[in-house]
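Below: the structure, in structure tokens.
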Amino acid sequence: MNLSSPFAKKILYVAAIGVLLVPLSLISRPTTRTRDNAVRDPGGLLSQLRYQHDLAQAKLSDIDPTSETAKLSTLGLRGLAVAILWMQAIEAKDTENYEALSSTVHALTKIQPNFVKVWEYQAHNLTYNVAVEFDDYENRYEWVKRGIQFLTEGIPLNRRDHRIIDSLGAFCGHKISNSDEKVQYRRLFRRDEPFHAEMGKFVNIDNLQTPYGPDNWLLAYEWYDLSETMVRQGVPQRRKDILFYQMKPAQLRNMGLSMQDEFRPDEFSQTNWQRAHQLWIEYGDRLLRNELGTLFRMDATDRELEEIESLRQELDQLAPGAREKILTETAPQLQLTPADQQLLDTPVDQLDDQSLMQRRALEIRLGQASRRLNFDVSQQAPAADRRRAEELASEINQRLTVLARGDRDRDVVQYGNWKDQTLVESTDEALRARQMEYDASELKRRSIFDQYEMVDPLTGERRIEPGALETYEKSFAVWAEILDQHPRLRQGPLGDDLMDAVRDYYGLRVAAGKEEFTTDMPLQAVVDFRAAHGESDELPTTEAVEEYRGDQRRPASQRPRPNIDFEFPDDAPADQN
Amino acid sequence: MVVEDFPNFLDWIGPALLTFALVVGACAVGGICLGFLVAAIRHGPAEAFYSVAGVIARAGPDFLHTSPRRVLTIARLALKETFRRRVLLVAFSIFALALLFGGWFLNAQGEHPDRIYISFVMWGTQILVLLLAMLISAFSLPEDIRNHTIYTVVTKPVRSTEIVLGRILGFIAAGTLLLAAMGVISLLFVWRGLSHSHTLDLPAPVESEFSAVDEAATGRRPSAGAISEAWTTENAGHRHLVEIIEEVRPRSAVPPTEFLRSEPRGDYVAYYRPVVRQVGSHSHSVRIDKSGDEPRIALTSDRGFFRARVPVYASELVFVDRAGEVKDRGVSVGDIWTYRGYIDGGVTLSRAEFLFDNFTAERFAHADVIPLEMTLAVFRSHTGSIREHIKASIQFESVPDDPQTQPKYVSEPMEFESDEHQVQVKGIERALPGELIGPDRKRLASGYFDLFDDFAANGRLKLVLRCVDQNQYIGVAKADVYFRAADGMYAWNFAKAYFGIWLQMAIITALGVALSTLLNTPVVILGVVCAIIFGFFSGDIQQLVAPQAEGGGPVESLVRLITQKNMQEPLEASFFSTLVKEADKLLIKIPEAMTHIVPNFARMDFSNHLTYGYNIDANRWLTALMVTISFCLGAAVLGYFCLRTRELAG
């Protein structure tokens, strides 16, 4: 046979293709596992590299035939197909063709299955942007679920990325329970058995149970738990420690907050708060890496300060008397003037812009001086100990930096506040106060402001029950005691929540025909404290109440006129009606 | 459904024929000039004159003596050739495979699986049929010419007109066969995919198993009169809520057709009947079996998917703003899409007025209740009550021929809750409570007046839509409010939607055959692909080449790319920028002209009507048919003259 003939060439080409397919097949061989998930065959080199770099599904069980068919059918024009589909999705959304949008984003993920941002972006589109386009809240809820369901389809295709799971946590928790329609959404969720079953494919739905039905915050908790498990098992963590590890305790805290508005707090809510507190403690005790890569603990401030103090003492022992000497003689910049001291003592929210800048400059000067001071002290140590003294100065300065940065991170998640509030809410006193607050709001709903007589339908016994006002006052009294023990909470979310209740209470006083404001209100000290620290609660301070009551006692003609700028002109036409 | 054009065939055909005649005249003159120019270059002006004259002289007899019998023979040959090449079989097999595995790709779990199914089959059919039309028409003649097999035809006593027409008709016939087969299996696929039923998800399908309505626990707002509820089983990706509704009617009134039980209440009777809540566009009827101790409830198969509503649209929609000024457009609420205009609610004069012409009882088969259907959009400027929908009202008014002297009827406003993104149906009784108002605005009479005999006595009726809730908005477009005259036959509507694809296929075939008489296959394919792009995206292309388009034309865009200037910043005034802009003006004429030459395929695409369940009216398909016939004739004439230049036939 002549090898240069066209037929022979064809045979050769086919044979070459066949030969090349053998090694290609070997190196592309996907991973296979046994039923108990043990690796039976790790797969070919190409497959392993794909898995390492999250490029595509490398396990046989993960390969989605539809997706692969769609990718192949674009004949290498995947980018173009993706661009067209994105444009179609945008147009469908703009023209309110939401079914087409849903269908298009599904098609999009068939040809971009491993691009997590596509899943996140389009699921957010469905859950947040499309849902609000519907006037009926049941329709909105359906679209919220469709976004969530869409996102779950991305899980098996992106097993090496926890961001989809995190988004599911956010959608299931935040979207359902923090929307305007949260009351309806949460009720719909509790009775949505098919949706629970669907979520049951990924998380343990038995863990969602409460006495009132499954709770969406617990579903969010389960998602974040799954996310943490993935990271523990070696999936790269793609969020900062500080935010990543606060998600689980935050979900339980949120559930506590949601439930106390919906149901009369009981043992279950108390147990939930205890669990939330325990998780906050665990979070606080965890070694976290901040954005500079330094390890720190949320809950280690006191311990850190003690350790820094002990290092400082060790340094001072190496150079006895040096610190005092430098402070008094050679470090005049650390000597604060009375004006400086006043600037540091004034709450930040009471400073004007110029004073704030002065304070910031002072803080920087103090920080630098303090660091310099440790170094200067180390230089006063005898030559034999100087090396150790310098090491100590450096260690102290480094720890001070970490501590200062940790304070900022603590503020980001309001760690201290939530730790205290979860602790307080899990006490019997807080449970009693919350129950009374709930009862008061129920009495208010039934327009029972003052004491009322109750007849037992079985025994015929009559008894006097407190009305909404008295119940509120009792609740406030308990809260006042609690806040005395935990003063930090006066300015946190708990304080905000209580101020809402106080406003309700004052509104009720007006409705009940009583004098609107009173200084006898048990939380008046908290109102005064918050006002002094710049909170704008729109509630009168003791001083304002006294002034108001003084005005009320004067004859009407002597009361100050309301500050109304507008006056009718003398030649204004008479009312036509 | 979004409808932006409301063609009227009789109004359109006159000006369209005139334009056609002008275009034919212009093309004839242009063609003669071009032919003369080409011939003059090849043979000199004198010879060119005789040559062109000869072609024109022969064209007349060729056109006039074209034999239908020979045309059909050529068509039959073309059809045979298509069969022999097995392209029909390949295309049909691909389509059948796509349908077989279509379920993999289809995400039909939402409220409107019908839209997903229909879009899928229509899109698949369109792509395959147009591709087939392009390929068979592009390959046929050039192949015959290359293989010299064309001589076996041209040496026979056939005219060039017959060759071109025969090929066009033959290929259209092949495409028609394929399209018909695809249409039948598509209809079966859609029907099979959508058909489903449910049972009640209860231990026994009886009323005692239903749960009492409890909105505080379930979060669901019950329907008016609902006392208990139950879910159906999940099927086809959804489930329905079944509610037992208490309906009180006077003792003398006709009882409902299906009810579980009834309770006498003085002069009234309370009937308890199960009602299935709609999901998307479909629901299920209820069958009650009263043979046992307790009536058993069963659900029938789906209803609502396969419909072809015949809408009677308003001839005019005007908006009135809050000050009572008439406007062309409603209030803008900041949407990118300006299809709908909004009216603001509360105590304002703001309203939308729909004017219906030729509104007669005959169009509604003299029915006592006329279905009015609305698809309203809602914009909330404040949250308001989450539980309640935004309220709107409708009111009917007569439109006197002379408002200065004639009184007018005004009905009482009918308030209702809007249901955004859903087709709301309201049954309008013929006898409407209202008043007769004189030209001096004095009330002349009040009582019940007939919708057709009184309100629309002169065939004209005004429907006034208002938003009731303060500071909230209702959005509406002309096609959003209509009376449903009847329901057409779904299968016939399906056929009409496929007829739209057939028209597109005919155009592609005619163009392919016409181009293939002169050009070789790759160039023909390129030309047809360009035509398809221009046909489908003519609207986008016209928008792109609009003079006010940001960033300018191709040359200006290139300059901006190189100089890294954004689209908004104007180019600095200079000779160069003037040159660039003038060059663009010239260049953008080409695609703009192309969009006018190739028919707008979007006007032949009736898939939206089928998808949303609306009848494809005769005005729409007749207009599209006329455009197609004109284009195909033009393409055939072009093909004839091109074939003459090949000097294949005497």
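Do you know which residues across region A:287-314 are more than 24 Å from A:Glu390 (Cβ to Cβ) and surrounded by 13 or more Cβ atoms within 10 Å (Cβ to Cβ)?
If the condition is that a residue be more than 24 Å from A:Glu390 (Cβ to Cβ) and surrounded by 13 or more Cβ atoms within 10 Å (Cβ to Cβ), then A:Leu288, A:Arg289, A:Asn290, A:Arg297, A:Met298, A:Asp299, A:Ala300, A:Thr301 are the ones that fit.
Tell me, which residue of region A:110-122 that is among the charged types (D, E, K, R) and in contact (Cβ under 8 Å) with a residue 12 or more places away in the chain is surrounded by the fewest Cβ atoms within 10 Å (Cβ to Cβ)?
Step one: of region A:110-122, the residues among the charged types (D, E, K, R) are A:110, A:117, A:120.
Subsequent filtering for residues that are in contact (Cβ under 8 Å) with a residue 12 or more places away in the chain retains A:110, A:120.
Numbers: A:Lys110: 22, A:Glu120: 19.
My answer is A:Glu120.
Restricting attention to region B:335-370, which residues are within 12 Å of chain A (Cβ to nearest Cβ) and surrounded by fewer than 20 Cβ atoms within 10 Å (Cβ to Cβ)?
Here is the first cut: in region B:335-370, the ones within 12 Å of chain A (Cβ to nearest Cβ) are B:335-340.
Those that are within 12 Å of chain A (Cβ to nearest Cβ) and surrounded by fewer than 20 Cβ atoms within 10 Å (Cβ to Cβ): B:Asp335, B:Ile336, B:Trp337, B:Thr338, B:Tyr339.
Could you list, in sequence order, all residues of region B:371-393 that are more than 10 Å from every other protein chain (Cβ to nearest Cβ) and surrounded by 21 or more Cβ atoms within 10 Å (Cβ to Cβ)?
Within region B:371-393, B:Met374, B:Thr375, B:Ala392 meet the criteria.
Taking region A:537-559 on its own, how many of its residues are at pLDDT 85 or above and of a type in the set (S, T, N, Q)?
2
Mind checking which residues of region B:290-302 are in a strand (DSSP E or B) and touching a strand residue (DSSP E or B) at 6+ places or on another chain (Cβ under 6 Å)?
B:Arg296, B:Ile297, B:Ala298, B:Leu299, B:Thr300, B:Asp302
So which residues in region B:284-300 are among the acidic types (Asp, Glu) and either within 11 Å of B:Ser197 (Cβ to Cβ) or in contact with a Lys or Arg (Cβ under 6 Å, 6 or more places away or on another chain) (or both), if there are any at all?
Scanning region B:284-300 gives a single hit, B:Asp289.
If you go through region B:558-582 one residue at a time, how many are surrounded by 15 or more Cβ atoms within 10 Å (Cβ to Cβ) and either touching a Cys at 6+ places or on another chain (Cβ under 6 Å) or part of a helix (DSSP H, G or I) (or both)?
Residues in region B:558-582 being surrounded by 15 or more Cβ atoms within 10 Å (Cβ to Cβ) and either touching a Cys at 6+ places or on another chain (Cβ under 6 Å) or part of a helix (DSSP H, G or I) (or both): 5 in total.
Taking A:Ser394, is it surrounded by fewer than 20 Cβ atoms within 10 Å (Cβ to Cβ), free of Cβ contacts under 8 Å to residues at least 24 places away in the same chain, in a helix (DSSP H, G or I) and of a type in the set (S, T, N, Q)?
Yes; evaluated as a whole, the condition is true for this residue.
Determine which member of the set B:Gly535, B:Gly512 is under 20 Å from the mean Cα position of the chain (by Cα) and under 20 Å from B:Val129 (Cβ atoms).
B:Gly535
Could you tell me which of the residues A:Ser103, A:Ser73 is among the small types (Gly, Ala, Ser), within 11 Å of chain B (Cβ to nearest Cβ) and crowded, with 18+ Cβ neighbours inside 10 Å? Talk me through it step by step, then tell me what you get.
Working: A:Ser73 fails: crowded, with 18+ Cβ neighbours inside 10 Å.
Exactly one residue qualifies, and that residue is A:Ser103.
How many residues, within region B:202-242, are closer than 19 Å to B:Asp289 by Cβ, without any contact (Cβ under 8 Å) to a residue 40 or more places away in the chain, out of contact with any helix residue (DSSP H, G or I) (no Cβ under 8 Å at 6 or more places or on another chain) and more than 11 Å from every other protein chain (Cβ to nearest Cβ)?
Adding up the residues that qualify gives 2.
Name the helices (runs of 4 or more DSSP H) wholly inside region B:8-103 in which the number of residues that are more than 27 Å from B:Gly170 (Cα to Cα) is 1 or more. Working first, answer last.
Working: elements: B:9-43, B:45-64, B:68-85, B:87-100.
By residue number, B:9-43, B:45-64, B:87-100.
Starting from residues that are more than 27 Å from B:Ile541 (Cα to Cα) and of a type in the set (Ser, Thr, Tyr), keep the ones in region B:613-650 and report whichever is farthest from the chain's Cα centre (by Cα).
Among those that are more than 27 Å from B:Ile541 (Cα to Cα) and of a type in the set (Ser, Thr, Tyr), it is B:Thr645.
State yes or no: is A:Ser441 within 29 Å of A:Glu282 (Cβ to Cβ) and of a type in the set (Ser, Thr, Tyr)?
So A:Ser441 does not fit the description; no.
Check whether at least one residue in region B:308-317 is at pLDDT 90 or above, among the charged types (D, E, K, R) and under 17 Å from B:Glu373 (Cα atoms), and report yes or no.
yes
Does any residue of region B:149-162 turn out to be surrounded by fewer than 18 Cβ atoms within 10 Å (Cβ to Cβ), of a type in the set (S, T, N, Q) and touching a residue at least 24 places away in the same chain (Cβ under 8 Å)?
Looking through region B:149-162, none of the residues is surrounded by fewer than 18 Cβ atoms within 10 Å (Cβ to Cβ), of a type in the set (S, T, N, Q) and touching a residue at least 24 places away in the same chain (Cβ under 8 Å).
Select from region B:609-626 the residues that are crowded, with 19+ Cβ neighbours inside 10 Å and assigned to a helix (DSSP H, G or I) and list them in ascending order.
Applying the first criterion (crowded, with 19+ Cβ neighbours inside 10 Å) to region B:609-626 yields B:609-617, B:620-621, B:623-624.
Those that are crowded, with 19+ Cβ neighbours inside 10 Å and assigned to a helix (DSSP H, G or I): B:His609, B:Leu610, B:Thr611, B:Tyr612, B:Arg620, B:Trp621, B:Thr623, B:Ala624.
Can you tell me which residue is farthest from the other protein chains (Cβ to nearest Cβ) among those in region B:322-334 that are closer than 18 Å to B:Phe354 by Cβ and touching a residue at least 40 places away in the same chain (Cβ under 8 Å)?
It comes out as B:Val331.
Results for (1) under 22 Å from A:Glu153 (Cβ atoms); (2) out of contact with any helix residue (DSSP H, G or I) (no Cβ under 8 Å at 6 or more places or on another chain), shown as yes or no for each residue.
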residue: A:His196; (1), (2): yes, no
residue: A:Gly200; (1), (2): yes, yes
residue: A:Asn204; (1), (2): yes, no
residue: A:Asp215; (1), (2): no, no
residue: A:Leu226; (1), (2): yes, no
residue: A:Met230; (1), (2): yes, no
residue: A:Gly234; (1), (2): no, yes
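A quick yes/no check of all residues on (1) of a type in the set (D, E, K, R); (2) in contact with a Lys or Arg (Cβ under 9 Å, 6 or more places away or on another chain); (3) closer than 24 Å to B:Ser119 by Cβ:
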| position | (1), (2), (3) |
| --- | --- |
| B:Ile168 | no, no, no |
| B:Phe171 | no, no, no |
| B:Leu178 | no, no, yes |
| B:Gly193 | no, no, yes |
| B:Ala204 | no, yes, no |
| B:Glu207 | yes, yes, no |
| B:Arg220 | yes, yes, no |
| B:Asn235 | no, no, yes |
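Just a yes or no: is a residue in region A:264-281 among the β-branched types (Val, Ile, Thr), buried (at least 17 other Cβ atoms within 10 Å of the Cβ) and either within 30 Å of A:Pro214 (Cβ to Cβ) or touching a helix residue (DSSP H, G or I) at 6+ places or on another chain (Cβ under 8 Å) (or both)?
So far as region A:264-281 goes, no, none of its residues is among the β-branched types (Val, Ile, Thr), buried (at least 17 other Cβ atoms within 10 Å of the Cβ) and either within 30 Å of A:Pro214 (Cβ to Cβ) or touching a helix residue (DSSP H, G or I) at 6+ places or on another chain (Cβ under 8 Å) (or both).
Quick one: B:Ala445 ticks every box in (1) surrounded by fewer than 14 Cβ atoms within 10 Å (Cβ to Cβ); (2) within 30 Å of B:Ser223 (Cβ to Cβ) except a single one, so which number is it?
Single failed check for B:Ala445: (2).
Under the condition of being free of Cβ contacts under 8 Å to residues at least 40 places away in the same chain and in a helix (DSSP H, G or I), which residue from region A:506-528 is farthest from A:Phe476 (Cα to Cα)?
For region A:506-528, the residue satisfying everything is A:Val510.
Which of the helices (runs of 4 or more DSSP H) contained wholly in region A:123-228 include at least 3 residues that are surrounded by fewer than 23 Cβ atoms within 10 Å (Cβ to Cβ) and free of Cβ contacts under 8 Å to residues at least 24 places away in the same chain?
In region A:123-228, A:193-199 are the helices (runs of 4 or more DSSP H) which contain 3 or more residues that are surrounded by fewer than 23 Cβ atoms within 10 Å (Cβ to Cβ) and free of Cβ contacts under 8 Å to residues at least 24 places away in the same chain.
Mind checking which pairs have a first residue in region B:175-194 that is within 21 Å of B:Gly110 (Cα to Cα) and touching a residue at least 40 places away in the same chain (Cβ under 8 Å) and a second that is among the small types (Gly, Ala, Ser) and not in a helix (DSSP H, G or I), Cβ under 9 Å, 6 or more apart or different chains?
B:Gly193/B:Ala108; B:Gly193/B:Ala236; B:Leu194/B:Ala108; B:Leu194/B:Ala236
The values are calculated or read from the model by the stated rules, or taken from the named source; none is laboratory data. Being a predicted model, the structure only gives us computed values, none of them experimental. For neighbour counting, all protein chains shown are included, and Cβ atoms are generated from backbone atoms with ideal geometry for every residue, glycine included.
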